[in-house]
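Step one of this worksheet: look at the structure below.
The values are calculated or read from the model by the stated rules, or taken from the named source; none is laboratory data. Please read all numbers here as calculations on a predicted model, not as lab measurements. For neighbour counting, all protein chains shown are included, and Cβ atoms are generated from backbone atoms with ideal geometry for every residue, glycine included.
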Amino acid sequence: MLGARERSFTALHSEHFGRIYRYIAYRINDADRAEELAADVFRIAWEKDLPEEPGIGWLIAVARNVVANEYKGRLRQQLLRQGLQEGARAAGAANDTESGAVADVLAKLNEKHREVLILAYWDGLTTAELAQSLGCSISAAGVRLHRARKAFAGIVPAHLMNERMP
């Protein structure tokens, strides 16, 4: 049986999820990501002590902060990609092709895989530090890193893989 808090939250979600989703989707222009962020808004609402009468205004304020964080994350990703490309150019002629190919493969990965690989290899985080950064368990971080490596290996050009083989 649901308690009063759960019933209240369920009603809040049912009533306002569509509006929150549309608010976010309009601002970030990515339907799948907008759905994830709208869910984050309600996760935050669940974790916080809700005001006496939480309404659309309070939820929009939370959504505004979530969208701002998304913009900051996108900017960081863009700056990181630029840094990778500049680093690839600066690596020298012999290493230039390989570094450029790595940057190209990273750009093709989905955001989650790219982030995990960059945190692990670019920033040099251990699995425990990676878990803390991602807000998950150490085993979940290990699984994410494994999946990201597998996705990377599935995209990397064959000639680069063959150069690495003894």
What number of residues within region 144-153 are without any contact (Cβ under 8 Å) to a residue 40 or more places away in the chain and surrounded by 14 or more Cβ atoms within 10 Å (Cβ to Cβ)? 4
What is the number of the single condition among (1) surrounded by fewer than 17 Cβ atoms within 10 Å (Cβ to Cβ); (2) over 25 Å from ALA107 (Cβ atoms) that ALA68 does not meet? (2)
Could you run through region 109-121 and say how many residues are in contact with a helix residue (DSSP H, G or I) (Cβ under 9 Å, 6 or more places away or on another chain) and either of a type in the set (A, V, I, L, M) or under 16 Å from GLY83 (Cα atoms) (or both)? 8
Answer with yes or no whether ALA131 is within 30 Å of SER14 (Cβ to Cβ), among the hydrophobic types (A, V, I, L, M, F, W, C) and modelled with pLDDT of 80 or more. no
Hey, among the residues in region 134-143 that are modelled with pLDDT of 85 or more and aliphatic (A, V, I, L, M), which one's surrounded by the most Cβ atoms within 10 Å (Cβ to Cβ)? ALA141
Among the residues of region 105-126, are any at pLDDT 85 or above and over 23 Å from ARG33 (Cβ atoms)? yes
